[in-house]
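Colleague: Okay, here's the structure, questions in a sec.
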Amino acid sequence: MRSSNPVFSRRGFSRDNGYAGFNAQPQAGGAAVGTQGNPYAQPQAGDPYAQNPYAQNPYAQQDLQYGAPPQAPVTTGRMTMDDVVMRTGTTLGILIVTAAVAWAALPVDDANINRSYGIAVGAGLIGMVLALVQSFKRKATPALIVSYAAFEGVFLGVVSSVVDNRIASGAAMQAVIGTLAVFAAVLVAYRAGWIRVNRRFYGFVMAAALGFVLLMAVNLLFAVFGGGDGLGFRSGGLGIMFGIIGVLLGACFLALDFKQVEDGIAYGAPKEEAWLAAFGLTLTLVWIYMEFLRLISILNSD
């Protein structure tokens, strides 16, 4: 299974990426295909424990028989949930701090809004470039991820300040609460098994996301060349409907991301992939926050 998130889609925790335990099917003699090329799964030359009969897991075949994912080798250097939580907390913490600094240091009154908004747009473009570079890299680069969070925080801080001070007072806090509520609800639903992330779910989300992005792109083109709000997908009743759809899509992305993190841990992804998981989760949470902020703006606009 591959996530709709562009980060996880590029370097996702799929069953064919060579991590320990991935695509593990029994071979002659009880070996597993997923262990090929894994230095942690193959006995090394001169290893005195290579022939240790107690090193064999008597439940490995039983797990395969009942369809359970094979357990990753108990070794250091493998991603854990604590790693993902810590890296995600670090990334979101940097984003929140830079957003707060931008809110305080870049005023959005009539005399300064153009300068502040220009800086925000520049920071947003830099953040987008950094996100694209990281998405196409084969390995997670913490420096890129941290830099993305910093620049994205500047963009979000100014945009949130504009909406909060000039359109709807308290909009930023409402968007934060809404984002946290969606995150908590999806996490509870996923852990309880109410959301089944399977191939059909993945296909539905990808089709809906593709249609949503195409419609927004067409609306943007009409707005640029025709003026106004284009086809009206960003204001009025249509804007509210598409805002709700955007939040729901973000919730679906979260479910897919949770599945990828769970699979990465189960199949023994390297510890550094926790940065990639944090990056993908941050992208999804930013998506949800921006959709909430836009929805609140529409509901409070004249």
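The values are calculated or read from the model by the stated rules, or taken from the named source; none is laboratory data. Note that the structure is predicted; figures quoted are calculated from it, not measured. Cβ coordinates were reconstructed from backbone atoms using ideal geometry, including for glycine residues, and neighbour counts include every protein chain displayed. Side chains are part of the model used for accessible areas, which takes the heavy atoms of the whole protein and leaves out ligands, DNA and RNA. Shrake-Rupley method; radii C 1.70, N 1.55, O 1.52, S 1.80 Å.
Colleague: Once ligands and nucleic acids are excluded and a 1.4 Å probe is used, how much of Leu132 is accessible, expressed in Å² to the nearest 10?
Modeller: Surface accessible to solvent at Leu132 totals approximately 90 Å².
Colleague: Of the heavy-atom accessible surface of region 101-157 (probe 1.4 angstrom), what whole percent is carbon and sulfur? List each step's numbers first, then the result.
Modeller: Numbers: 2140 of 3010 Å².
Percent of accessible area from carbon and sulfur atoms in region 101-157: 71.
Colleague: Suppose accessible area is computed on protein heavy atoms with a 1.4 Å probe; arrange Trp194, Trp287 from highest to lowest. Walk me through the intermediate numbers first.
Modeller: On the way: Trp194 190, Trp287 70 Å².
So the residues, ranked largest to smallest area, are Trp194, Trp287.
Colleague: At 0.36 nm per residue, minus the direct Cα-Cα distance, what do Leu220 and Lys271 gain on full extension? Give it in nm, one decimal, please. Write out the running numbers ahead of the final one.
Modeller: Numbers: separation 51, 0.36 × 51 = 18.36 nm, distance 4.03 nm.
Difference between extended and current length: 14.3 nm.
Colleague: Given a 1.4 angstrom probe, what's the average accessible area per residue across region 163-302, in square angstrom?
Modeller: On the way: 6840 Å² over 140 residues.
Here the per-residue accessible area is 49 Å².
Colleague: When the dipole is taken about the Cα centre of region 252-302, and only Lys, Arg (+1) and Asp, Glu (-1) are charged at their Cβ, what size is it in debye, to the nearest 20? Numbers along the way, then the final one.
Modeller: Values: 3 positive and 7 negative charges, 8 e Å.
Charge dipole, region 252-302, about its Cα centre: 40 debye, nearest 20.
Colleague: Could you look at region 194-294 and say what percent of its accessible area is carbon and sulfur, using a 1.4 Å probe and all protein chains? Don't skip to the end; give the middle numbers.
Modeller: Working: 3350 of 4590 Å².
Carbon and sulfur: 73 percent of the exposed surface of region 194-294.
Colleague: In terms of modelled amide H atoms, which long-range or inter-chain residues lie less than 5 Å from the amide H of Arg78?
Modeller: Lys271
Colleague: When the Cα centres of region 228-283 and region 134-151 are compared, how far apart do they sit, in Å?
Modeller: A separation of 17 Å, based on Cα centres.
Colleague: Quick check for me: using +1 on Lys/Arg Cβ and -1 on Asp/Glu Cβ, what's the dipole size of region 124-247 about its Cα centre, in debye to the nearest 20?
Modeller: Numbers: 9 positive and 3 negative charges, 129 e Å.
Once rounded to the nearest 20, the dipole reads 620 debye.
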